[in-house]
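S.K.: Before I ask anything, let me first share the structure, which is written out below as structure tokens.
The values are calculated or read from the model by the stated rules, or taken from the named source; none is laboratory data. As the structure is a computational prediction, the values presented were derived from the model and not from experiment. All Cβ positions, glycine included, derive from the backbone under ideal geometry; neighbour counts span all protein chains shown.
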Amino acid sequence: MVDENLGQLFLTSGFSNYVKARGYKLHFCRKADPESKGKVESVIQYVKKNFLYNSTYIDLETLNDEALAWLNRTANYLEHHVTKISPIEAFRTEQPYLNNYKPL
């Protein structure tokens, strides 16, 4: 988003075209609002502190392989302390509602 005027959102032309091509419905978090952004930021911090910390990788393929291995042995099966649901259980519940990825 490059600008906002009384609730009307203005996107860059490239991103706007991408959104139209994909058929996405956009939802933007309010600026500096921890209630709407905290969930995503918490996940990013979790990955940084538990997977990426003190790690070095040769290339993107190696990083992806190591990340998938870490998810499968650890992160996807740990129960969330608030919801008491593991990510793999949540994914199985939500999977029927997800759309397949379609390359442009």
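The rows are residues; the columns are (1) part of a loop (DSSP other than H, G, I, E, B); (2) touching a His at 6+ places or on another chain (Cβ under 9 Å); (3) not hydroxyl-bearing (Ser, Thr, Tyr).
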site: Glu4; (1), (2), (3): no, no, yes
site: Leu9; (1), (2), (3): no, no, yes
site: Lys25; (1), (2), (3): yes, no, yes
site: Cys29; (1), (2), (3): yes, no, yes
site: Val40; (1), (2), (3): no, no, yes
site: Tyr57; (1), (2), (3): yes, no, no
site: Glu61; (1), (2), (3): no, no, yes
site: Glu66; (1), (2), (3): no, no, yes
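S.K.: Give all pairs with beta carbons closer than 7 Å in which a residue from the range 1-18 that is over 15 Å from Arg30 (Cβ atoms) and free of Cβ contacts under 8 Å to residues at least 40 places away in the same chain meets a residue that is surrounded by 10 or more Cβ atoms within 10 Å (Cβ to Cβ) and among the acidic types (Asp, Glu); count only pairs at least 6 apart in sequence or on separate chains.
M.R.: Pairs that qualify, where the first residue is over 15 Å from Arg30 (Cβ atoms) and free of Cβ contacts under 8 Å to residues at least 40 places away in the same chain and the partner is surrounded by 10 or more Cβ atoms within 10 Å (Cβ to Cβ) and among the acidic types (Asp, Glu), are Phe10/Glu4.
S.K.: Would you check if Leu11 is modelled with pLDDT of 85 or more and within 23 Å of Asn99 (Cβ to Cβ)?
M.R.: When the stated conditions are applied, Leu11 passes them.
S.K.: If you don't mind, another one. Here is a check on your reading of the model: is Phe51 of a type in the set (Phe, Trp, Tyr), closer than 30 Å to Leu78 by Cβ and surrounded by 10 or more Cβ atoms within 10 Å (Cβ to Cβ)?
M.R.: yes
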